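Here's the structure, in structure tokens; my notes come after.
The values are calculated or read from the model by the stated rules, or taken from the named source; none is laboratory data. Given the structure is predicted, the values throughout are model-derived calculations rather than measurements. So basically every Cβ, Gly included, is an ideal-geometry build from the backbone, and we count neighbours across all protein chains shown.
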Amino acid sequence: PLRLILDTDPGIDDALALLLALASPEVSLEGVTTVSGNVPLEDTTRNALALLALAGREDIPVAAGAARPLVREPIHAAEVHGQHGLGRAELAEPTSAPVSQPAAVFLCERIKAAPGALTLVAVGPLTNLALAVRLVPEIAQQVREVVIMGGALRVPGNITPAAEFNIYADPEAAHIVFHAGWPLRLVSLDTTQQVGLTRTQFAPLCRPESRIGRCIDAMLAHYFENFAPRAAYERFHLHDPLALAAAFHPEMLQWESVYIDVELSGHQTPGATVAWFRRRPETPPANVLAATAVDVTGFTTFFLERLARLL
Ligand code: BDR
Ligand code: CA
């Protein structure tokens, strides 16, 4: 199986990505690192530990990461994900604790210990990855691949007209990560906003007799009750699960090699991901393999089938 570490800010769709990893035999999840994002670090770490406990996988180490972005003030998305990040789910207080190393150190150690073997999937702000690659630059050559959920290339952003949440939350970190020279796949809003499920489509997973089914139901209840009445929000987007799946089933998406930079200085546009699909002679070489299309039915069917295995 593909050896993988998930860097995450759970977060409802983060939680679904974590469950998808646990449900997929193609993947061996060897660690979870947490970051401030959808909710503060304390909550994202507790949620990661509680979700692993719910799934009976306390054997997977959790390393807590950055509590703040590199330069800017923290921003969160509690209106979407609920006050503590998992909607209305109230999971048991975890009994296990994070490992002693901070996430950036954990990432460096694990990647150095298995050169060429580990894939990093990052579905939150990129603070931990930026710190890791600054700490030990050689990991850029030693990681198998880095797969990121973030950015908006040909579509508008979801936090400002120009920027997507994960990049906007820590643009300086994203800038470091995009220019670090490691093999990078980017799963942006261009594809993640195409994969959404309605409450009815989620129903087969919300089984009351299953602990995980009850958790999924309670997480989504927050979203659907607050947002679904507004037309544009009728579907819950599977941003992070799609990025996770892209790490081991890249054939479910189409990819284009492209040069992408992150805007740091614009007044209206911090965190914008500027993608040079039409190259000019002076355009730097491509630094990203960007997803440009997705097999919507293929992926959503795959997602529902996999999560059902956990119920
Ligand atoms: C991203 O932002 C977060 O709210 C989601 O978990 C996802 O990672 C989508 O823009
Ligand atoms: Ca996320």
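Of all residues in region 142-166, count the ones that are surrounded by fewer than 19 Cβ atoms within 10 Å (Cβ to Cβ), under 22 Å from N128 (Cβ atoms) and out of contact with any Pro (no Cβ under 8 Å at 6 or more places or on another chain).
The qualifying residues number 1.
Scan region 25-67 for residues that are aliphatic (A, V, I, L, M) and farther than 22 Å from F303 by Cβ and jot them down.
V35, V39, L41, L49, A53, V62, A63, A64, A66, A67
I need the helices (runs of 4 or more DSSP H) fully contained in region 1-100, keeping only those with at least 1 residues that are at pLDDT 95 or above and of a type in the set (A, V, I, L, M, F, W, C).
The helices (runs of 4 or more DSSP H) meeting that bar are 12-22, 41-54.
Only one residue in E225, E305, E282 is part of a loop (DSSP other than H, G, I, E, B) and either of a type in the set (D, E) or buried (at least 21 other Cβ atoms within 10 Å of the Cβ) (or both), so which one is that?
On inspection, the qualifying residue turns out to be E282.
Working carefully through the options V105, V177, find the one that is free of Cβ contacts under 8 Å to residues at least 60 places away in the same chain, part of a helix (DSSP H, G or I) and surrounded by fewer than 23 Cβ atoms within 10 Å (Cβ to Cβ).
Just a single option satisfies the conditions, and that option is V105.
Going residue by residue through region 175-192, is there one that turns out to be away from ligand 1 (no atom under 16 Å from the Cβ), of a type in the set (S, T, N, Q) and at pLDDT 95 or above?
No: zero hits.
State which residue pairs qualify: first residue at positive phi and inside region 2-14, second residue of a type in the set (S, T, N, Q) in any location, beta carbons under 8 Å apart, and separation of 6 or more residues or different chains.
Listed pairs, sorted by first residue: G11/N38; G11/T44; G11/N47.
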